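Contents: one structure, followed by commentary.
The values are calculated or read from the model by the stated rules, or taken from the named source; none is laboratory data. Everything quoted here is computed from the prediction, not taken from an experiment. Don't worry about glycine lacking a Cβ; one is built from the backbone with ideal geometry, like all the others, and counts go over all protein chains shown.
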Amino acid sequence: MKIAASICLLLLLISCSNNGTDETNEIEFEELSQTIVEDISVKYAKNFNIIPLANGYLVDLIDPNTHKIERSWEFTYDKSKKGDDVIHLPLENIAAFSQTTIGMMSSLDALEPLMGITNISYVYDPEVKRKFKKGQITEFKGESNFSVEKAINAKADIIIYSGFSREFPQAKKLKKFGVDAVPDYDWRETHPLGRAEWIKFVGVICGKLEEAKSTFQKIESEYLEMSLKMNSIDSTPAVISGNFRGDQWTAPAGNSYMAILFKDAGANYVYKDTKGTGSIFKSMERIIIDNESTNYWINPGFSSKTEIIEANPKGKHLGPYKTNEVYCYTHDVNLFWERSAVEPHLLLADFIQIFHPEIEIEGGLNFYKKLEK
């Protein structure tokens, strides 16, 4: 619809102009028809748009705070195109500084051009580890001490980074050497399918958009099928999420990514009525009062119940601690951060198995594990 409206507006402007000849108008229309092909549906993600062009794609990055276009890039196969916002395809050397980007590249079987990461210690994918051991991947050790010279020597074409600090260090200097830095805002999406849909963004960069669309369609279908089944359940067990530092508890807000997952998994999130999409903060005393009889505790941030009590003995007063229903991904942190964003259907399957053990799902838990003593 947005593309159709743009075409109508441009055609109206052309037809109303009396300054040009009919021949000029025909040329303008021909260029327009060759440029705009069709819209690509972005259904859940709020922080990017993709518009196909005759020789590539226009990608709009949306500012998560203002919800306005922050910047646009033209990814094109036309080598004659020039400009600061033009990125030429195909990209042969990609540095991925976001773990979720690596997970999405892996899902698309697109690890061939991957030549840079932040830290191999944070990587789960066996193929990336293999390439690193063979010297085919450069380790940059993060953004804070980023070396432009190292990126140039590694022949990087593009750096995909998390966008935590908005502007990538020395981005302008990198551009002078033909290296583009593009942020990935998947972590700012609040719907689980919104995060997964960033695989289309990665698909453009890796030259695998059609594969990305197909992969996302399967993910969406499985996620929606499971969540729909949970509408008919009889019970909704209470769940608390988060952990504490000292006597302050950090938990997901009521409209957050994790709160939506709990709802779709048939659970009653204790703080579902709080406002916001980020985090909320509670005193430990308030948490204990609210959760003495809560059924499940998700993401305590520790690998065992012993570690929880060593950090804060008050944790033993929470209902899930007493009934031994505490779950976390801490047994395989790299797997969780690399794959959970692009596989929310598996994340949802985990929560359904945890909250509703009466429902049989093949394969067991994908990311989570019950904490032992």
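Summary table below
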item: Of the criteria (1) touching a strand residue (DSSP E or B) at 6+ places or on another chain (Cβ under 8 Å); (2) modelled with pLDDT under 95; (3) not acidic (Asp, Glu), which one Thr236 fails; result: (2)
item: Matching residues, the range 231-266, being in contact with a Ser or Thr (Cβ under 8 Å, 6 or more places away or on another chain) and more than 26 Å from Glu307 (Cα to Cα); result: Gly254, Asn255, Ser256, Tyr257, Ile260, Asp264, Ala265, Gly266
item: Residue, nearest to Thr277 (Cα to Cα), within the range 163-177, restricted to residues that are touching a helix residue (DSSP H, G or I) at 6+ places or on another chain (Cβ under 9 Å) and surrounded by fewer than 20 Cβ atoms within 10 Å (Cβ to Cβ); result: Phe164
item: Filter result (out of contact with any Pro (no Cβ under 8 Å at 6 or more places or on another chain), surrounded by 19 or more Cβ atoms within 10 Å (Cβ to Cβ) and in a helix (DSSP H, G or I)) within the range 203-241; result: Gly203, Val204, Ile205, Leu209, Ala212, Thr215, Phe216, Met226, Ser227, Met230
item: Subset of the range 38-68 (residues that are touching a helix residue (DSSP H, G or I) at 6+ places or on another chain (Cβ under 9 Å), closer than 15 Å to Trp187 by Cα and among the charged types (D, E, K, R)); result: Lys46
item: Matching residues in the range 242-289 - criterion: being at positive phi and surrounded by 20 or more Cβ atoms within 10 Å (Cβ to Cβ); result: Gly242, Gly266
item: Residues within the range 128-160 that are part of a helix (DSSP H, G or I) and either in contact with a strand residue (DSSP E or B) (Cβ under 8 Å, 6 or more places away or on another chain) or more than 12 Å from Glu338 (Cβ to Cβ) (or both), tallied; result: 11
item: Among (1) under 14 Å from Met104 (Cα atoms); (2) in contact with a Phe, Trp or Tyr (Cβ under 6 Å, 6 or more places away or on another chain); (3) small (Gly, Ala, Ser) - the single one Ala251 does not satisfy; result: (1)
item: Of all residues making up the range 36-62, the number that are charged (D, E, K, R) and at pLDDT below 95; result: 2
item: Test: residue in the range 252-263 that is out of contact with any helix residue (DSSP H, G or I) (no Cβ under 8 Å at 6 or more places or on another chain) and charged (D, E, K, R); result: yes
item: Any hit, the range 132-152, residues being touching a Leu at 6+ places or on another chain (Cβ under 8 Å), aromatic (Phe, Trp, Tyr), surrounded by fewer than 19 Cβ atoms within 10 Å (Cβ to Cβ) and at pLDDT 95 or above; result: no
item: Criterion (under 30 Å from the mean Cα position of the chain (by Cα) and surrounded by fewer than 20 Cβ atoms within 10 Å (Cβ to Cβ)) met by exactly one of Glu338, Glu292, Glu307, Glu343; result: Glu307
item: Contacts under 8 angstrom Cβ, first residue in the range 244-267 being at pLDDT below 95, partner part of a strand (DSSP E or B), 6 or more apart; result: Phe244/Thr250; Asp247/Ser283; Gln248/Phe281; Gln248/Lys282; Gln248/Ser283
item: Failed condition for Tyr329, given (1) in contact with a helix residue (DSSP H, G or I) (Cβ under 9 Å, 6 or more places away or on another chain); (2) within 29 Å of His345 (Cβ to Cβ); (3) surrounded by fewer than 21 Cβ atoms within 10 Å (Cβ to Cβ); result: (3)
